[in-house]
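Student: Shown below is the structure under consideration.
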Amino acid sequence: YCILLYTRFVMEAVVSTQSTGMLIVSIWFREDLTPTEFMVNSLVQSSEVTTLRVKWSGIVVCNVLFYISMLSFTVMETLNTPIIQAELGLSQSAAVKYSSIFLTCTSVFSFMTFAIATPLGKKFGERKMMGIAFSLSAMAYILFYPFGPGYIPKVQYTPLTNVTVNTTVEVAGCNWQNKWCYNQHKLNIAQFLVANSILLFSYPLGVVLLLSRTSKILGPHPQGTVMGILTAVGSLSRAVGPAIFTSLFQTYGPPACVFVLAPALAVASILTFFSRNHLDSFQSRHERLQRDLFT
């Protein structure tokens, strides 16, 4: 029954978000011909392209950052429902319902962020905005820490007795088998909404700028293989993240996810700052090479 409810509400959210995404992509986005235009306008000679190779250190940094970024969103997406169920004392079906409604509403906010990410990167600098995006994500996960006031709602469970249990009554609240349910502070609902909102702004901002920066590092070189590896790294994150963090959540509660992901995102922000030279675009490197050759 719970699986059917989960499928019903999640499918509604998936269909609505995918439909909105297809509509926005078909209206807003256009094919980017920058690599070809760059080669024609800059008159890049084959000898210069051979000399100016891809900066693979920047590609590796982009893959690490992309993995952390995808992991942060996947964990939030996976644990939204159990957090709502535990912190608000709701049944599983009600938690799935409210979680799907919330994710559907905030997906519109994420699509808007996808649209403004490129203009923000052009105005303030892509590398600077990437660092800001990771810093905001780290702040969002700090806000997921249950500061209180008060403790989570009383755990509801059905004790084992000789009396026949009515299986149609759905148990609500935190899972009584999790020891942290009995002594952990409550996560304020306003704090939860603010944390989700920040994360759903910073995640698409960081992902769009990372993809753009990877493409610019490659420049006129073939991009299919590198972009495929980047996608595979993101898929690995989405496969491994839920398994690990669901286990951590069941054992230690929300603080475990905070203590792992907040430092990881902070490290990603620091890595973006210190590796900014490795994230140089092919065009800027080519322009420096041209200046060195003709001066």
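Student: Using packing as a proxy for protection, rank 134-142, 56-64 so that the peptide with the highest average count of other Cβ atoms within 10 Å comes first.
Tutor: 134-142, 56-64
Student: Taking 41 Å as R0, compute the FRET efficiency from the Cβ-Cβ separation of PHE259 and ARG291 and round it to 0.05.
Tutor: 0.30
Student: Taking the Cα centre as origin and putting +1 on Lys and Arg beta-carbons and -1 on Asp and Glu beta-carbons, what dipole magnitude results for the range 166-295, to the nearest 20 debye?
Tutor: Computed about the Cα centre, the dipole is about 180 debye.
Student: Related question: Cα centroid distance between the range 119-133 and the range 58-100, in Å?
Tutor: 25 Å
Student: So, one more: Compute the length gained on full extension between ILE229 and TYR252: take 0.36 nm times their separation in residues and subtract their Cα-Cα distance, giving the result in nm to one decimal.
Tutor: My answer for the length gained is 4.9 nm.
Student: Let me ask you something else. Looking at GLN85, ALA133, LEU103, which one has the Cα that reaches farthest to the positive end of the dipole of the range 61-159 (charges on Cβ: Lys, Arg +1; Asp, Glu -1)?
Tutor: After comparing all options, I get ALA133.
Student: Quick one: with all protein chains in place, what share of the accessible area of the range 233-294 is carbon or sulfur, to the nearest percent (1.4 Å probe)?
Tutor: 65 percent
Student: Turning to a different aspect of this structure: In sequence order, what are the phi-derived ³J(HN,Hα) couplings for the range 181-186 according to the Karplus relation 6.51 cos²θ - 1.76 cosθ + 1.60 with θ = phi - 60°, rounded to whole Hz, with x for glycine and proline?
Tutor: 5, 8, 9, 9, 5, 7
Student: Starting from 0 in steps of 5 Å, tell me what percent of the Cα-Cα pairs of the range 244-294 lands in each bin.
Tutor: The distribution over the range 244-294 is 5, 17, 14, 11, 10, 9, 9, 7, 6, 5, 4, 2, 0, given as percents.
Student: Give a residue-ordered list of calculated ³J(HN,Hα) values for the range 264-270 (Karplus: 6.51 cos²θ - 1.76 cosθ + 1.60, θ = phi - 60°; whole Hz; x for Gly, Pro).
Tutor: Computed from phi, the couplings for the range 264-270 are 4, 5, 5, 5, 4, 5, 5 Hz.
Student: Give me the Debye-computed log₁₀ of I(q)/I(0) at q = 0.14, 0.17 Å⁻¹ for the range 172-295, equal point scatterers on Cα only, no solvent, two decimals.
Tutor: -0.84, -1.08
Student: With every protein chain kept in place and ligands, DNA and RNA left out, what is the accessible area per residue of the range 183-280? Probe 1.4 Å, answer in Å².
Tutor: With all protein chains present, the range 183-280 gives 43 Å² per residue.
Student: Multiply the residue gap between ILE142 and ALA190 by 0.36 nm, knock off their C-alpha separation, and tell me the result in nm, one decimal place.
Tutor: 15.9 nm
The values are calculated or read from the model by the stated rules, or taken from the named source; none is laboratory data. Everything quoted here is computed from the prediction, not taken from an experiment. Ideal geometry is used to build each Cβ from the backbone, glycine not excepted, and the neighbour counts take in all protein chains shown. Protein only, heavy atoms only, side chains kept; ligands, DNA and RNA dropped before computing areas. Shrake-Rupley method; radii C 1.70, N 1.55, O 1.52, S 1.80 Å.
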